[in-house]
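Report on the structure given below.
A short reminder: the numbers here are calculations on the coordinates, not readings from a lab. In this text, all values refer to a predicted model and were calculated from it rather than measured experimentally. Cβ sites come from the backbone with ideal geometry, for glycine too, and all protein chains shown count toward neighbours.
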Amino acid sequence: MAAKLRKGDKVVVLAGKDKGKQGEITAVMPKVGKAVVDGVNVAIRHQRQSQSNQGGRQPKAMPIDLSNLALMDKNGKATRVGFREEDGKKVRFAKTTGEAI
């Protein structure tokens, strides 16, 4: 199945403790069906001190299920993603506005 959400997409959270928050996808894990969104689903992780970092309690964005994310269209609203062919290429488009992503 083609990926509806990809790295770099602006998304809005539909469900969970961070409902309504917006962010950019930094990583997608298609086999698990999850994605990491910058600033969403943040947990505190304890980091041991090393030469490269100071250590302590570091905030880290944890993966969130893809079903709880929706792509944002140019108006800043959540939209579903569709596929169509343009010039022989498969292109994603926003269902609300109809424009290609």
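Below is a table of values for the structure above.
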read-out	value
Residue in the range 56-63 that is in a loop (DSSP other than H, G, I, E, B), in contact with a strand residue (DSSP E or B) (Cβ under 8 Å, 6 or more places away or on another chain), more than 18 Å from residue 8 (Cβ to Cβ) and without any contact (Cβ under 8 Å) to a residue 24 or more places away in the chain present	no
Residue satisfying condition, being free of Cβ contacts under 8 Å to residues at least 24 places away in the same chain, surrounded by 14 or more Cβ atoms within 10 Å (Cβ to Cβ) and either of a type outside the set (Phe, Trp, Tyr) or farther than 23 Å from residue 101 by Cα (or both), within set 7, 21, 34, 89	21
Selection from the range 36-55 of residues that are assigned to a loop (DSSP other than H, G, I, E, B) and closer than 23 Å to residue 18 by Cβ	38, 39, 40, 41
The range 1-20 - residue that is under 11 Å from the mean Cα position of the chain (by Cα) and either of a type outside the set (A, V, I, L, M) or in a loop (DSSP other than H, G, I, E, B) (or both) and, of those, nearest to residue 77 (Cα to Cα)	10
